Amino acid sequence: MEVITKEINFPRKANIFIVEDERLVVEDLKERLVNHGYNVIGTATSGKEAIDEIKVVSPDLIIMDVRIAGELNGIEVAIIVQSYFDHHIPIIFLTGFSQQAFTYLKVLPDYIYINKPFQETVLMEAVERALEKNRKNRT
């Protein structure tokens, strides 16, 4: 007896990498993202660790704290990561500081900036907006 199966294509949720040196914030972000169906494929607490890991896993989106452990800040890490890949990876920056404190954010295309503490709805809207904008830019 032959069994006929039908392939069902579910939309793939994005693979997200988190760069944050506060463990509680990392766990909170992971829980919120997973609850919304996203895949958290890695985390890092320092710039060097983030660069090394991101090169390997090639995420669809990076959520990056501006102030992280190590010699590099999140913006510097983002610049290095963007120069490594042939394609743009959207980045959402998190920080407790004002945007004016980081004037060199302007060197990164299409960045999204969220202040801490953040509301879940603001985070999820930023994630969707970043991913949608990136999808449109790739087509």
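The values are calculated or read from the model by the stated rules, or taken from the named source; none is laboratory data. Predicted model only: the values in this text are computed from it and were never measured. Note that we place each Cβ from the backbone using ideal geometry, even for glycine, and neighbour counts take in every protein chain shown. Note: accessible area is taken over every heavy atom of the protein model, side chains too, but ligands, DNA and RNA are not part of it. Shrake-Rupley method; radii C 1.70, N 1.55, O 1.52, S 1.80 Å.
Worth a mention:
- Flag for LYS48 being of a type outside the set (Phe, Trp, Tyr) and more than 21 Å from GLN119 (Cβ to Cβ): yes
- Among the residues of the stretch 30-50, those that are open to solvent by 20 Å² or more (accessible area, probe 1.4 Å) and either under 18 Å from SER83 (Cβ atoms) or acidic (Asp, Glu) (or both) comprise GLU31, LYS48, GLU49.
- Qualifying residue in the stretch 15-29 (condition: more than 26 Å from PRO117 (Cβ to Cβ) and either surrounded by 14 or more Cβ atoms within 10 Å (Cβ to Cβ) or modelled with pLDDT under 95 (or both)): no
- Looking only at residues of the stretch 53-93 that are over 14 Å from the mean Cα position of the chain (by Cα) and of a type in the set (S, T, N, Q), we find that the one that is surrounded by the fewest Cβ atoms within 10 Å (Cβ to Cβ) is SER83.
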